1. Per DSSP H run of n ≥ 4, the term is -39500 (n - 2.57); total these for the chain, divide by its residue number, and report the mean residue ellipticity at 222 nm rounded to 500 deg cm²/dmol.
2. Looking at the chain, what % of its DSSP beta bridges pair antiparallel, to the nearest 5?
3. Under the rule a/c < 1.5 gives rounded, and otherwise a/b versus b/c splits prolate from oblate, where does segment 155-255 land using the Cα gyration tensor?
4. Between Glu172 and Thr147, what is the spin-label point distance in nm, taking each point 7 Å from the Cα along the Cα→C-beta axis?
5. Where the eigenvalues come from the Cα gyration tensor of segment 211-274, what are the semi-axes √(5λ) of the equivalent ellipsoid, largest first, in whole Å?
6. List the GluC sites (Glu not before Pro) within segment 74-172 that fall in a DSSP loop (any state other than H, G, I, E or B) and whose Cβ has at most 11 other Cβ atoms within 10 Å.
7. In segment 147-244, what trypsin sites (Lys or Arg not before Pro) fall in a loop by DSSP, with at most 14 other Cβ atoms inside 10 Å?
8. Report relative contact order for the chain in percent, whole number only (criteria: Cα-Cα under 8 Å, sequence separation at least 6).
Amino acid sequence: MESTEKLAKTMSHELIYTSTPISSALTGSVRVPGDKSISHRAVMLSSLATGTSKISGLLEGNDVLATLGAFRAMGVEAEGPVNGELTVHGVGMRGLQAPEIDLDMGNAGTAMRLMSGILAAQQFASKLVGDESLSKRPMRRVTVPLTAMGARCVADENGCPPIHIRGVDALEPIDYKLPMASAQIKSAVLLAGLFADGRTSVTEPAPTRDHTERMLRAFGYACDVEARNGLSSTISVDGGGELVATNIDVPADISSAAFFLVAASIIPESKIILNHVGINPTRTGVIEILRQMGGDVQFLNQRDIGGEPVADIQVSAQQLKGVDISPELIPLAIDEIPVICIAAACAEGVTRITGAEELRHKESDRISAVVEGLRNVGVEVVEHKDGMEITGGKIIGGDVESAHDHRIAMAFAVAGAVAEQEITINDCQNVATSFPNFIELSTELGLDITI
Ligand code: S3P
């Protein structure tokens, strides 16, 4: 019965991973693909810049290709990407042309939300669509502030994609207080603000990734950051400026590196190096959490690449212990929580995650997907609205649903290495959105994951 089901799935072109327990340590060094957040922004800003930009290290995952496809549909010429190299001939702030097709953002929430900010400011109409998962994600969080700027954009009656955008002649600046710590909403408003008539400010309740701010500066566009009380800060841009083409070296994605950071921490005797990884402090929550759990993670050769800090990261296996993850760390580790849960399942004692309700609005409801997956492989876990409690111990093994979510798939693929029996993960095709060579690099380091 089980194998018939599996065969049926294979025949419908669903990708199934089998991760087999391994008996030897992980060794070696690899460079994981380019940072997804930085890659999206590099394509967006180089398209809007004046002049030609060369991007290297670009993530050639489906999410970023969706962003690139949208700009090509609006008249931007670009060569590549080949081996992560992309040359973009920017059309200038007012050079985009009306697309003749719907702009398909695939699985990419970042693409849809940031593109909304750019498209809401154009004089032409456009429509943003997405795949089944993206079509269920909340978009009013961007259409509300953009509408307050005078944009004419609407999501469907449930607040989900598609987003219909009608052209406007001009946008009003806004002083916007983010209702939640979200880099995507912050970036959508700031990108719209580049086209507004005056100064747009966004106040975030807690720090979120600041790649938009850093990359605006790299393209010669002023972006001011003013610290408020405690964790909060206000980011401002003046509309009407120009982006000047530049070359961007995209560091390796810490969110992809995280799978191997956890794998090497939990597989006894492992010691690996992950090269050229972005260690922007708004992204390193996973490292802070692993260190709090007793992990051994070291930054080697720290350097600055085009305004983003980068290092080679060395990680060695340690017996981890359960911790209470502080809610302030959640936005800084938001995409890494699924794999952190695998670390927690291997730790001594209980790990508590709170303040993570936003996880329910990612590529899947990541709280319920992780809880269900952990239970299926024999781990004790209690689900809460905004997090969970995981009791560390043994992982037994079993079948897991990825919920069409790349990070759930890869997190459980890592878990299989330390389980008593193999873990099978259904529906892994979306790994290609962020980490197309995940299996190859896993194999290179010594994991045993097969398709
Ligand atoms: C992203 C921001 C994060 C993250 C997403 C990428 C970005 O979402 O989960 O994968 O590139 O701005 P938030 O909007 O919740 O910060």
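1. Details: 13 runs with 135 residues, N = 451.
For the chain, the value works out to -9000 deg cm²/dmol.
2. Details: 55 of 76 bridges.
Looking only at bridges with both residues in the chain, the antiparallel portion is about 70 percent.
3. Details: a/c = 1.26, a/b = 1.13, b/c = 1.11.
Rounded.
4. 1.4 nm
5. Whole-Å semi-axes of the equivalent ellipsoid: 36, 19, 7.
6. Listed in order of number, the matching sites are Glu100, Glu132, Glu157.
7. Arg228
8. The value is 18 percent.
The values are calculated or read from the model by the stated rules, or taken from the named source; none is laboratory data. Bear in mind that the values here come from a model prediction, so they are computed numbers and not experimental data. Positions of Cβ are generated from backbone atoms using ideal geometry, with glycine treated the same way; all protein chains shown enter the neighbour counts. What goes into the accessible areas is simple: the full protein's heavy atoms, side chains included, and nothing from ligands, DNA or RNA. Shrake-Rupley method; radii C 1.70, N 1.55, O 1.52, S 1.80 Å.
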